[in-house]
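Working notes, beginning with the structure itself.
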């Protein structure tokens with residue numbers, strides 16, 4: 001197959017053990033970027049991805065954020081799908097005595113109820129600082145603006161997250177995607193979007209490249225659909241077993257520069 005465009009997940013896939021881009025990864029993407037578009041695709045917010053775009057010198061390329069819930073071209077929104085405030089209210093009410101941290105995201109806004117262990121860890125990992133604001137205030141403002149959450153991040157002890165997952169799955173299975181990225185995390189997105197829906201939209205409306213000529217790299221549950229659908233789906237060695245099962249190729253782990261190794265050996 002031809003490799004005419006590259007889509008890569010970030011966390012667990014593109015970054016090294018320090019959660020940074022290695023010099024090898026930067027050099028390999030720099031080598032191909034002028035002839036083959038390289039698009040970052042992640043559950044992250046835009047500002048947690050732009051510094052990586054800058055390092056890779058691919059700021060001219062689109063960004064796929066929030067697992068496909070928000071797509072930007074030249075810093076302008078071309079697609080936006082969010083979770084309505086009514087669902088956020090029900091989640092807030094369920095969580096009143098559960099002590100699960102709820103982070104709410106819309107575009108480049110990230111709101112947390114307090115700077116607790118979970119908020120500090122996410123800030124350190126993503127190099128973005130949240131705004132501390134009560135969830136009630138966020139909901140009120142979003143209702144007025146007629147917007148909602150591109151992503152909800154639920155973080156807490158595993159037993160509490162188990163209960164939260166069961167609540168969301170039972171009540172909103174037809175409306176929400178639930179990604180259990182870690183035992184202590186649930187990433188919540190709108191059911192109608194995915195990384196694949198965003199890829200298909202960009203390929204059809206912006207790049208005019210068929211899906212069969214795309215290569216996608218990933219590691220987690222939210223990467224399965226795109227890895228299974230593109231012409232060349234590549235899983236890093238540390239990927240979930242379900243992700244490994246649908247991949248055309250398995251490369252080295254994310255911490256061992258698996259993406260850069262594949263590019264070096266297969267994209268000339």
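Restricting attention to the stretch 207-240, the residues being under 18 Å from residue 38 (Cα atoms) and touching a helix residue (DSSP H, G or I) at 6+ places or on another chain (Cβ under 9 Å) number 21. What number of residues within the stretch 90-129 are assigned to a helix (DSSP H, G or I) and in contact with a helix residue (DSSP H, G or I) (Cβ under 8 Å, 6 or more places away or on another chain)? The total comes to 6.
Within the stretch 240-264, being more than 15 Å from residue 7 (Cβ to Cβ), without any contact (Cβ under 8 Å) to a residue 24 or more places away in the chain and not in a helix (DSSP H, G or I) holds for 240, 250, 252, 253.
Only residues that are outside any loop (DSSP other than H, G, I, E, B) and exposed (fewer than 14 other Cβ atoms within 10 Å of the Cβ) were counted in the stretch 59-89, giving 3.
Consider residue 214 carefully, then state whether it is over 25 Å from residue 66 (Cβ atoms), in contact (Cβ under 8 Å) with a residue 60 or more places away in the chain and crowded, with 18+ Cβ neighbours inside 10 Å. Against the criterion (over 25 Å from residue 66 (Cβ atoms), in contact (Cβ under 8 Å) with a residue 60 or more places away in the chain and crowded, with 18+ Cβ neighbours inside 10 Å), residue 214 does not qualify.
In this structure, does residue 77 turn out to be more than 17 Å from residue 203 (Cβ to Cβ) and modelled with pLDDT of 95 or more? Yes, satisfied. Checked against the criterion of being surrounded by fewer than 21 Cβ atoms within 10 Å (Cβ to Cβ), within 29 Å of residue 197 (Cα to Cα) and over 17 Å from the mean Cα position of the chain (by Cα), the candidates 107, 171 yield just one match: 171.
So, in the stretch 110-140, how many residues would count as being surrounded by fewer than 18 Cβ atoms within 10 Å (Cβ to Cβ) and out of contact with any strand residue (DSSP E or B) (no Cβ under 7 Å at 6 or more places or on another chain)? Final tally of qualifying residues: 12. Residue 139 passes every criterion in (1) in a helix (DSSP H, G or I); (2) closer than 20 Å to residue 44 by Cα apart from (2).
Against the numbered list (1) touching a residue at least 40 places away in the same chain (Cβ under 8 Å); (2) buried (at least 16 other Cβ atoms within 10 Å of the Cβ); (3) in the same structural domain as residue 102 (by TED's automatic domain parsing), residue 220 comes up short only at (3).
The values are calculated or read from the model by the stated rules, or taken from the named source; none is laboratory data. Bear in mind that the values here come from a model prediction, so they are computed numbers and not experimental data. All Cβ positions, even for glycine, are placed from backbone atoms using ideal geometry, and neighbour counts span all protein chains on display.
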